[in-house]
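To start, the structure itself, in structure tokens.
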Amino acid sequence: MKTAELADLIKGRQSIRAWQDKPVSEDQLCQAIELATHAPNGGNQQNWHFYIILNKQVIGAIADAVQASANYMASWPEFARYGEMTTRMLQRASFFRSAPAAIAVAAKQYASPLDELSAAREKTDPRARQIREGRAIANARIQSVASAIAYLLLILHQMGLGAVWMTGPMQAKADIEKILGVPKEMDVIAFIPIGYPAETPPLRERKPVKEVCQVIK
């Protein structure tokens, strides 16, 4: 693939939130995940796990759990100060109910020896705490899952499928993990509804490179 072709693929991908009532092939999703697992990951742990959901009742149960959580949040008196846009977001928290398929991405809990060492050391060494906090911000587990998801979204787009990367459903994380039977040593980190697009969102402008990039010579 030439760079121009890769650029077209990357720039053409959009987040899709409306899908055709058409089944998605299990084989396609498995192939997409297999390719996504070639993404870079911390310490080559490959500690991700992907739950392919083709059962509409399961997707509906997850949507119910997410909406219930959203409704609970909307009942908080403090919520009123955040405006109409936030209200609409919570009202539409379960929009993915109509998706023909979804992938929940989980990852095993992991602490490297350096994390354990700095956590023990910080009790008597302020600099060790600073080191641990810096490492925690650059959480390798989250970065590994994120790199795989970025690959996955491009692969799905290339296959003609539309998807959206969601972290909002994590407000019902415990419920989702119970529905999917996720073991205790894992955490669900993201949820990706998938299907054949029923919309063509306008391409969003990106900030100029000079605005987000600094060259240090």
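Given the options SER94, SER98, name the one that is at pLDDT 90 or above, surrounded by fewer than 19 Cβ atoms within 10 Å (Cβ to Cβ) and under 20 Å from the mean Cα position of the chain (by Cα). Write out each step before concluding.
Details: SER94 fails: surrounded by fewer than 19 Cβ atoms within 10 Å (Cβ to Cβ).
Residue meeting the stated conditions: SER98.
For region 50-72, a residue qualifies if it is in contact (Cβ under 8 Å) with a residue 40 or more places away in the chain and more than 26 Å from GLN20 (Cα to Cα), and exactly one does: SER69. What do you reckon, is ILE176 closer than 16 Å to ALA104 by Cα, in contact (Cβ under 8 Å) with a residue 60 or more places away in the chain, in a helix (DSSP H, G or I) and touching a Phe, Trp or Tyr at 6+ places or on another chain (Cβ under 8 Å)? Yes; evaluated as a whole, the condition is true for this residue. The single condition among (1) among the β-branched types (Val, Ile, Thr); (2) at pLDDT 90 or above; (3) assigned to a helix (DSSP H, G or I) that ILE103 does not satisfy is (3). Determine if region 113-133 includes at least one residue that is of a type in the set (S, T, N, Q), more than 25 Å from MET186 (Cα to Cα), touching a strand residue (DSSP E or B) at 6+ places or on another chain (Cβ under 9 Å) and part of a helix (DSSP H, G or I). Taking every residue of region 113-133 in turn, none turns out to be of a type in the set (S, T, N, Q), more than 25 Å from MET186 (Cα to Cα), touching a strand residue (DSSP E or B) at 6+ places or on another chain (Cβ under 9 Å) and part of a helix (DSSP H, G or I).
Answer with yes or no whether ILE33 is in contact with a strand residue (DSSP E or B) (Cβ under 9 Å, 6 or more places away or on another chain), farther than 24 Å from GLU199 by Cβ and β-branched (Val, Ile, Thr). In short, yes. Condition test on SER75, is it in contact (Cβ under 8 Å) with a residue 24 or more places away in the chain, closer than 30 Å to ILE59 by Cβ and among the polar types (S, T, N, Q)? For SER75, the condition - in contact (Cβ under 8 Å) with a residue 24 or more places away in the chain, closer than 30 Å to ILE59 by Cβ and among the polar types (S, T, N, Q) - is not met.
Residue check: is ALA7 among the aliphatic types (A, V, I, L, M) and either assigned to a strand (DSSP E or B) or surrounded by 15 or more Cβ atoms within 10 Å (Cβ to Cβ) (or both)? Reasoning before the result, please.
On the way: among the aliphatic types (A, V, I, L, M): yes; either assigned to a strand (DSSP E or B) or surrounded by 15 or more Cβ atoms within 10 Å (Cβ to Cβ) (or both): no.
No; evaluated as a whole, the condition is false for this residue.
The values are calculated or read from the model by the stated rules, or taken from the named source; none is laboratory data. Predicted, not measured: the structure shown is a model, and the values here were computed from it. So basically every Cβ, Gly included, is an ideal-geometry build from the backbone, and we count neighbours across all protein chains shown.
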